[in-house]
Structures are given as C-alpha cells and as structure tokens.
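Here is the structure we will look at.
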There are 2 protein chains.
Amino acid sequence: MTLSPSTRTTLGRKRDRAATDRAELHAVLDEGLVCHLGFVRDGAPVVLPTAYGRDGDTLYLHGSTGARYLTGDELPCCVTVTHLDGIVHARAVMHFSMNYRSAVVHGVARRVTDPDERWHALRTVVEHLTPGAWDHARRPDPRELAATAVFSLDLAEASVKRRCGPPSDDDADVAADLAWAGVVPVRTVSGTPERAPDLPEHHALPPHLG
Amino acid sequence: MTLSPSTRTTLGRKRDRAATDRAELHAVLDEGLVCHLGFVRDGAPVVLPTAYGRDGDTLYLHGSTGARYLTGDELPCCVTVTHLDGIVHARAVMHFSMNYRSAVVHGVARRVTDPDERWHALRTVVEHLTPGAWDHARRPDPRELAATAVFSLDLAEASVKRRCGPPSDDDADVAADLAWAGVVPVRTVSGTPERAPDLPEHHALPPHLG
C-alpha cells in the first residue's frame, strides 16, 4: 500500500528523499516518542509536543479535557515525527545537512467517544511509550477517564522524508580537497532507570523495563 | 528579562511547568538541533522539521528558495524545540508522563534581504549545528547565496515549558504500593564520526569535531 499522493503530501523538492512505502511511515511513527502537533488557533499556527500511539492506520492522541486545543470534536491538524540520525559535514557549508527521517500526517483529528475505543486508544498511547506498562500499572478509573480527551487521526494523508548517507558535495569541492567531510551520527538512548524516591526497596525493576 | 505574557504564551494549564526566565528560553533553543516549524497553508496547519540558529533574541531559519513555504516576505509561524529527558513511570497509567523541556515561539518570520545580515544568519545557522564548521568549510558563493532564502523570527513572544523529577502519583496509589515507579532517562548522544567514502586518507578529524 503506498502513501497517498495528495498535493500537500507530494514533496515540492528533494523528491528523492520521499518514501512511498506505508511500512516506512509506520516505522518512523513507531520509533518516535514525541510528535509535534500543529493546529490553527485564531488564524495562527501553534505547534506543541505531545505523546501519541498508533494502531494500524490510526494515530491516537490524548490530553487533558482542560487543554484548550482539545475542546472541540474535530481538530484539523498536522502531526510530525522526526528522528535526527546525524549531522552531515560537507566541504562547503552550503551542503551541510542533517540525516533524518520524518513523517508528516495531515488530517482532521476526531474526538473518540466510544468507551471501548477510548480504552483501546489510551492503552495504545501508554504501550507506545513503554510496552508492558499498561499491564504493570493501575489502569484509569472513571474519574480519570472523564478528565481525559482522546482523539484519533487517520493516517490516510501522510508523507515520509529522509536523508541518509555521506555529504553531497560539488565535484569541484571534492577535487579541491577543501575540508573534512563525513557524518557525525546522532542517536537517542535510554539511561539507567531512576527509582522514585518513595518507591519501597523491595521493588525490583520490572521485566518490561529490563 | 522575563518572557512575554501574551495570551497565547500564558499556559492554560500545568502553569507550574512554565518558565519565565529568558535565559531558559535561550538554553532550550541553543541545545536543540532541529526545530518544528508550523505555518498555515490553504487554511491548514503544516509542521516541518528544519535547522535554525539563534543570535540574541533573533532566531534564523533558512532554506531553498525553491521551498514553497519560503516564497513570501513574511511567514506567520510557530517554532517549537523540544528536548525529551525521560519517560516517567507512575503507579497509575494516568500519571505516566515525559520529562522534557520545550520552547514555543510565536511570530511572523521575515525575509532577510540585507546581504550582511544574510551572511550573518547563515553563519549563525551553521555554527549552531556545529561550532567551528563555518571557519573549516568553504563558505557560500554568490550562486549558492542566490539559492538560499533566509528568514528571521523575533523571540519576543515565546514560552518555555518543562517537566522534571519523579512521577506525581496519587497518595493512595503510593500507599497501595501498586507498581514500580521512577524515570527512565532519555538523552541524545553523538556517535563516532564517519568519514565520507571519498575523503582522502590524510584528513584527520578537525579539532572542532574532536
């Protein structure tokens, strides 16, 4: 299944950086932890970082019912997830770049009201953050559920863009042997888990965090 | 100097997570490598990852003159930079969270046309990516400059939000000793530089990459 070819998901330039495989969209989304959610408020763009989860071709977002942007039933939005993979050092500053993978999803997020789907969505978001967490921690009670807004966004209109590999210098600059050239890889890593100060000593690290 | 208290930079909720120190805004921006630039196109929000640089209270953005969103002289936008610092594991999934710092800048980016400021802006963006790179690599020639759009965004209207520390569980869940609780730190690290395949052997890693 290929990604949808709407006007706004057809890259205007650097088309060689576009991916057309839906599996790649899923991979970029699944590897991320934070998305940047863009919407329009009073005619101006707003971009906020937030958590998310994916099930098939549905992206789930959640937040407090007190969040201003989650008060309607529909939220026209753009959700972008970016992985920085490296800094590209070229012979010419013009060709400095970043290696990255990014997914951009356009659509209208819709409030989820069905109790079963809300439950499923919250599980999806939590399990996206840390697989195994949903079965380990206490699940939401009715009061908590009432305080949580859940939205779903169809992944129908999306694009993936990436850059990888060494710098793309002009031949003349390579021949002139002007400068060092290469890539400094960048990656996101997890550190050693830090126990909450009030966690009783008998608690070992649970298997899903091992 | 405090951050500006406009309506859209006054947090609607979780006000304890707001920072009011301009130095903190600068620190969050300076530590980031990728920003998420939001703007409105045909009435719909678009969020794209891009590079940037900061000088004082001016943020510089650049891109190809062929990029559709950089064709005007003004771009109403929102620029967000987010650092993920950890995954917060609580006793209740409701209190799962992320430790993070994020800066959100609202404003109108304006095309920079003055040649000296354009030069300064490009230097600022490149040096933000890797300090020392501007003096090491070949600087832009007139053809490259002509192909590059430069925009500046005043940092006058901005907010910083952060969460740090252990989970914030309900007292009853702590007392019930339900689950493991703590924080799994997340950080971004650089790997060993990878030389371009066509880089002559005599090139040692330059000092600014050491």
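Based on the Cα gyration tensor of region B:7-163, what are the three equivalent ellipsoid semi-axes, each the root of five times an eigenvalue, rounded to whole Å and given largest first?
Value: 31, 18, 14 Å, ordered largest first.
For the protein assembly as shown, build the charge dipole from Cβ charges (+1 Lys, Arg; -1 Asp, Glu) around the Cα centre, then report which of B:L129, B:G107, B:L61 sits farthest towards its positive end.
Positive-end residue among those listed: B:G107.
Between copies, how close do the A:P76 label points come, placed 7 Å along Cα→Cβ, listed in nm from shortest?
Nearest to farthest, the other copies are at 1.3 nm.
Per-residue ellipticity at 222 nm for the protein assembly as shown, helices alone: DSSP H runs ≥ 4 residues times -39500 (n - 2.57), over residue total, nearest 500 deg cm²/dmol?
Computed mean residue ellipticity for the protein assembly as shown: -5000 deg cm²/dmol.
Buried accessible area between A and B (1.4 Å probe, both chains summed, ligands and nucleic acids excluded), in Å² to the nearest 100?
Answer for the A-B pair: about 7200 Å² buried.
How far is B:R143 from the same spot in each other copy, in nm, shortest first, if each label point sits 7 Å from Cα toward Cβ?
Nearest first, the other copies' label points are 6.9 nm away.
Roughly how many Å² is the accessible area per residue of chain B, as a whole number, for a 1.4 Å probe?
Ligands and nucleic acids excluded, the result is 44 Å² per residue.
For B:T65 and B:E24, calculate 0.36 nm times their separation in residues minus their Cα-Cα distance, and state this gained length in nm to one decimal.
Full extension from B:T65 to B:E24 adds 11.5 nm.
Taking trypsin sites (Lys or Arg not before Pro) as exposed when DSSP calls them loop (any state but H, G, I, E, B) and at most 13 other Cβ atoms lie within 10 Å, what is the longest stretch of chain A free of them, the sites themselves excluded?
Between the exposed loop sites, the longest stretch runs A:15-210.
Mind pulling the angle between the C-alpha long axis of helix A:22-31 and the longest principal axis of chain A? Nearest 10 degrees, somewhere in 0 to 90.
Compared with the principal axis, the helix lies near 70 degrees.
Checking buried surface per residue: for region B:41-68, which residues lose a minimum of 40 Å² accessible area in the protein assembly relative to the chain alone (1.4 Å probe)?
Relative to the lone chain, where solvent access is computed with a 1.4 Å probe, region B:41-68 loses at least 40 Å² at B:P45, B:V47, B:P49, B:R68.
Would you mind checking region A:142-159 for residues with the amide N under 15 Å from a putative spin-label position 7 Å along Cα→C-beta of A:D57?
A:153-159
Could you tell me which residue out of A:V79, A:A92, A:V160 lies farthest along the dipole of region A:7-180 toward its positive end? Charges go on the beta carbon: Lys and Arg +1, Asp and Glu -1, centred on the Cα centre.
After comparing all options, I get A:V79.
Rounded to the nearest 20 debye, what is the charge dipole size of region A:7-180 about its Cα centre when +1 sits on each Lys and Arg Cβ and -1 on each Asp and Glu Cβ?
380 debye
Explain nothing, just the number: dipole magnitude of the protein assembly as shown about its Cα centre with +1 on each Lys and Arg Cβ and -1 on each Asp and Glu Cβ, in debye rounded to the nearest 20.
620 debye
Relative to the other copies, what are the label-point distances for B:S64, with labels 7 Å from Cα along the C-beta vector, expressed in nm at one decimal and sorted shortest first?
Nearest first, the other copies' label points are 4.3 nm away.
Using a cut-off of under 15 Å, list every residue of region B:38-68 whose amide N is near the label point 7 Å from the Cα of A:E74 along the Cα-to-beta-carbon line.
Residues passing the 15 Å test: B:43-45.
Apply the Karplus parameterisation 6.51 cos²θ - 1.76 cosθ + 1.60, with θ equal to phi minus 60°, to every residue of region B:199-204 and state each ³J(HN,Hα) to the nearest whole Hz, in sequence, with x for glycine and proline.
Values per residue, Gly and Pro as x: 7, x, 4, 5, 6, 7 Hz.
Kirkwood hydrodynamic radius for the protein assembly as shown: how many Å is it when counted over pairs of different Cα atoms?
22.7 Å
Counting only protein heavy atoms, what percent of the accessible surface of chain B is carbon or sulfur at a 1.4 Å probe?
Within chain B, the accessible surface is 52 percent carbon and sulfur.
Leaving ligands, DNA and RNA out of it, rank B:C78, B:C164 by accessible area with a 1.4 Å probe, largest first.
I get B:C164, B:C78, largest accessible area first.
Work the Kirkwood hydrodynamic radius out for region B:24-67: mean of 1/r over every pair of different alpha-carbon atoms, inverted, in Å.
11.9 Å
The values are calculated or read from the model by the stated rules, or taken from the named source; none is laboratory data. Being a predicted model, the structure only gives us computed values, none of them experimental. Cβ: placed from backbone, ideal geometry, glycine included. Neighbour counts: every protein chain shown. The protein model used for the area step is the full one, side chains on, heavy atoms only, and it has no ligands, DNA or RNA in it. Shrake-Rupley method; radii C 1.70, N 1.55, O 1.52, S 1.80 Å.
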